[in-house]
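Take a look at the structure below.
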Amino acid sequence: MNLSCLVSIKVLSTIATTSLVSFTAHAEGKPSIEMPVTYQQCVACHGDVGQGNSQLKAPALAGLSQKYLTRQLTNFKTGLRGSHEKDTLGLQMQPFAKAIDNDKDVYLLTSYLANLPIASTEPTIKGDLKNGSRYYQGKCGACHGGTAQGNESMNAPKLAGQDTDYLKRQMQNFTSGVRGTHADDKLGRQMAMMAKTTSGKELDDILYYIAVQK
């Protein structure tokens, strides 16, 4: 067999292997990095790369797990979240969530967001880092991870990289009953119970600790 034949066979083998890998990745449902059409209606509030918008009080979505994002969309769709009369921002989110098709859009949307790099944010709150670390590890770390990286097995979302004002508002919502009171929202009710164990300067220190995590 001459050299040209060997080269041709090697090229064909490489093409076949690449095609197989590509096909396997598609068959296994590997997430797409292309922006799905559905996300275009989210950009105005949540940013073109899921970085959020503090002025519009819209949280960052980039880097949150598919599981968490899917659950929150479902909660908005079914009324487990965003139905309280005082949750004006949640009420605004409900119609957008309901417009997303479960069969066609949810997977593409959540996989896209989960694979976006988390935008770096500067703390918008002052606090004591040492105390914040101590309080955080004692009350939050077991579920949300030691560096606020989240914990899929505990159904706890990533907190690092999230807008501090958003986190503080959600803690207030949990504490006041605006969020996490629906009978079917088991995880929300668990979080509401924990939210009531901290407030004031202690909460600010916890949020400051979260804000400096990467």
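The values are calculated or read from the model by the stated rules, or taken from the named source; none is laboratory data. Since the model is a prediction, treat every value here as computed from it, not as a measurement. Neighbour counts run over all protein chains shown; Cβ positions are idealised from the backbone, glycine included. Heads up: the accessible areas ignore ligands, DNA and RNA and are worked out on the full protein's heavy atoms, side chains in. Shrake-Rupley method; radii C 1.70, N 1.55, O 1.52, S 1.80 Å.
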What order do you get for 172-183, 123-134 when each peptide is scored by the mean count of other beta carbon atoms within 10 Å, highest first?
172-183, 123-134
Rg and Dmax of the stretch 134-214 over Cα atoms: what are they, in angstrom?
11.9, 35
How far, in degrees from 0 to 90, does helix 3-27 lean away from the longest principal axis of the Cα atoms of the chain, to the nearest 10?
30
Just need the relative contact order of the stretch 39-137 here, percent rounded to a whole number, with Cα pairs under 8 Å and 6+ apart.
27
Once both axes come from the Cα atoms, what is the angle between helix 66-78 and the longest principal axis of the chain, in degrees from 0 to 90, rounded to 10?
60
Whole angstrom only: what separates the Cα centroid of the stretch 38-89 from the Cα centroid of the stretch 155-201?
15
Assuming 0.36 nm per residue, please report the length gained on full extension of the stretch residue 151 to residue 91 beyond their Cα-Cα distance.
18.9 nm
What lysines does residue 126 reach when the alpha-carbon gap must be under 18 Å and sequence neighbours fewer than 8 apart in one chain are set aside?
168, 201, 214
Working out 0.36 nm times the residue gap between residue 189 and residue 101, then minus their Cα-Cα distance, what length gain in nm do you get to one decimal?
29.0 nm
Run the quick spin-label model on residue 34 and residue 130: label points 7 Å from Cα toward the beta carbon, then report their separation in nm to one decimal.
5.4
Candidates for P(r) over Cα pairs in 5 Å bins from 0, in percent are (1) 1, 7, 13, 16, 16, 14, 12, 9, 7, 4, 1, 0; (2) 1, 8, 16, 21, 21, 17, 10, 5, 1, 0; (3) 1, 7, 12, 17, 18, 15, 9, 6, 4, 3, 3, 2, 2, 1, 1, 0, and the calculated one carries label (3)
Could you work out how far helix 88-98 tilts from the main Cα principal axis of the chain, as a 0 to 90 degree angle to the nearest 10?
30
With a cut-off of 8 Å between alpha carbons and a minimum separation of six or more residues, what is the relative contact order of the chain in percent?
22
Ignoring ligands and nucleic acids, residue 35 exposes an accessible area, probe 1.4 Å, in Å² to the nearest 10, of 80
In Å², and per residue, what accessible area does the stretch 31-159 have when probed at 1.4 Å with the other protein chains present?
56
Over 21 Å between C-alpha atoms is what I'm after, so list which of 104/186; 67/104; 67/158; 139/186 land there.
104/186
Counting only protein heavy atoms and using a 1.4 Å probe, what share of the accessible area of the chain belongs to carbon plus sulfur, as a whole percent?
58
